[in-house]
Amino acid sequence: MKKILLVTFLLSISFNTTAFAKEWKGKGERIEFSSMPTMTIKDFLEGNIPNREITIWGTLNFPDNAADKNVPAVVILHGGGGISEVEEHWMNVFNAMGLATFMVDSNSARKNCKKDNGFKKAVHFCNAINRGMNRIIDGYGALELLSKHSRINPKRIGCLGISLGAKGCLYLNVKRFQKMWGTPKLEFAASVPMYPPCNVVFKEDDEITNTAIRIHVGEKDTYFPVDSCINYVERLKAKGKDVNIKVYPGTHHGFEKKIGGKQTITIQGHNDGRCYYEENTSLPVAEMPSDDVAIISQIGFNEWYGSATEKEKKKIFKRVKMRHKFGWRIPQIWHDRSCISKSNTLAYNKKSSDEAKKLVSEFFDSKLMRWNEIWRNKFSF
């Protein structure tokens, strides 16, 4: 029985991503900058600064015939598995437009995150522990670095993120996070999160900067409920923010390019991407270990907890205690497993890819390049 429970437990903490890429060796100038080691979401949300920093890097590319100064740029934040054909696709698109690109590698310096941070158990790049929140800090670091670069226009830097990287490009605009982990008064000019996991409601996440944001998601994405992004956009619009979302019919996660030459990839394993979560400062409750790092609960958890029988609680918290006992540091807890499935899908969709390329290019052109051209014409002699 214990063996069966352990297998079930291990499946329950899996975090699916694409095949894990090796360190990217693409063309361009590699530039290092400081960031934070992998931390739990609890530490991130509570602003608990680690006692050390780490050095990560990005690769800077300028378009052909770029000017010597005031070049607009886009920071690219990759998905959970590392830099792939998708990120390279966008780099090529932007360079061809006349935009510089800074391809951030968030994984390579953290490949030993389990050992370096004293985590007893962890999946690749500690994705299940952090769920992409480090991308937010990496985005802030990349923005600060580029804003000081002699050839970059500091007022015209955009962000594009893929999956977990999109989570970074989306939530780095939250003022609460910016205050804790960013540089005061330093903001991106525009942000494009490509299929970001929006299914966690964070405290004060509708208080954002004035950055223009355009979210792109596929209607059939299995990594998160698509309506969670729609609902988030509606909340931000109600605050008067320049935010919009494009939903591509019949389209899955990772739709811009074939991954490894494959049209479709189905990843078997635990998938809680259909669950809705919220930041919950009442955790841990009495039935949980006092040092449990869970700080995200399924929406409705507090109401369930207040009315659940002891038998119902015992069933739920048995899993929680088991994962803690074996050394897993998982940020979320759920009481209703009906939202959990056993697979995820990535699929290339040429029609959606072509449309996204057009829309994203037009957006960055209007927010980064047209203003840049006006600025150069006005102040050139």
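Just so you know, all these numbers are worked out from the coordinates, no wet-lab data involved. Small disclaimer: the values here were computed from a predicted structure and weren't measured. Cβ: placed from backbone, ideal geometry, glycine included. Neighbour counts: every protein chain shown.
Which order do the peptides 261-273, 345-357, 138-150, 70-82 take when ranked by the mean count of other beta-carbon atoms within 10 Å per residue, highest first?
Top of the packing list down: 70-82, 138-150, 345-357, 261-273.
Which net charge results when you count Lys and Arg as +1 and Asp and Glu as -1 among the other residues whose beta-carbon is under 15 Å from that of Cys159?
Overall, the nearby charge balance is +1.
Report the extension gain between Ser366 and Lys175 in nm, rounded to one decimal, defined as 0.36 nm multiplied by the number of residues separating them, less their alpha carbon distance.
Going from the current span to full extension adds 66.3 nm.
Between Lys27 and Lys148, how high is the FRET efficiency from 1/(1 + (r/R0)^6) when r is the Cβ-Cβ distance and R₀ = 22 Å? Nearest 0.05. Each step should come with its number before you reach the end.
On the way: r = 23 Å, r/R0 = 1.03.
Plugging the Cβ-Cβ distance into 1/(1 + (r/R0)^6) gives 0.45.
About the Cα centre, and with charges only on the beta carbon of Lys, Arg (+1) and Asp, Glu (-1), how big is the dipole of segment 66-167? Nearest 20 debye, please.
460
Can you give me the distance in nm between label points at Ile230 and Lys262, each placed 7 Å from the Cα along the Cα-to-Cβ direction?
Taking the two extended label points, one gets 3.0 nm.
Taking the Cβ-Cβ separation of Ser307 and Lys69 as r and a Förster radius of 41 Å, what is the calculated FRET efficiency to the nearest 0.05? Don't skip to the end; give the middle numbers.
Details: r = 63 Å, r/R0 = 1.54.
The calculated FRET efficiency here is 0.05.
At most 15 other Cβ atoms within 10 Å and a DSSP loop assignment: could you name the GluC sites (Glu not before Pro) in segment 22-118 that fit?
Answer in residue order: Glu23, Glu53.
Collect residues whose amide H, placed 1.01 Å from N in the peptide plane, falls under 5 Å from the amide H of Ser106; neighbours closer than 5 in sequence don't count.
Under 5 Å from the amide H of Ser106: His78.
Extending each Cα 7 Å along its Cβ direction at Thr183 and Lys155, get the distance between those two points in nm, one decimal.
If labels sit at Thr183 and Lys155, their model points lie 1.7 nm apart.
Determine the sum of side-chain charges near Lys27: Lys and Arg each +1, Asp and Glu each -1, restricted to other residues whose C-beta is under 13 angstrom from that of Lys27.
Numbers: positive: Lys25, Arg30; negative: Glu29, Asp64, Glu88.
Around Lys27, the surrounding residues sum to -1.
Please work out how much length the chain gains when fully extended from Ser341 to Glu355, using 0.36 nm per residue of separation minus the C-alpha to C-alpha distance, in nm with one decimal.
Working: separation 14, 0.36 × 14 = 5.04 nm, distance 2.98 nm.
2.1 nm is the gain from fully extending Ser341 to Glu355.
Dipole size in debye (nearest 20) for the chain around its Cα centre, Lys and Arg Cβ +1, Asp and Glu Cβ -1?
Charge dipole, the chain, about its Cα centre: 860 debye, nearest 20.
With the dipole of the chain worked out from charges on the C-beta (+1 for Lys and Arg, -1 for Asp and Glu) around the Cα centre, which of Ala190, Ile31, Gly158 lies farthest toward the positive end?
Ile31
DSSP loop (so not H, G, I, E, B), at most 13 other Cβ within 10 Å: list which trypsin sites (Lys or Arg not before Pro) in segment 45-124 pass both filters.
Arg52, Lys69, Lys120
Pick out the long, greasy-scoring helices in the chain: whole DSSP H runs spanning 27 Å or more along their own axis by Cα, mean Kyte-Doolittle at least 0.5.
Helices meeting the criterion: none.
If you build a Gaussian network model of the chain, linking Cα atoms that sit under 10 Å apart, which residue out of Arg274, Arg370, Arg156 swings the most?
Judging by the Gaussian network model, the answer is Arg370.
Which of Lys185, Lys314, Lys342 moves the most in a Gaussian network model of the chain with Cα springs under 10 Å?
Lys185
Could you work out [θ]222 nm for the chain from helices alone, using -39500 (n - 2.57) per DSSP H run of at least four and dividing by all its residues? Round to the nearest 500 deg cm²/dmol.
Helix-only estimate at 222 nm: -10000 deg cm²/dmol.
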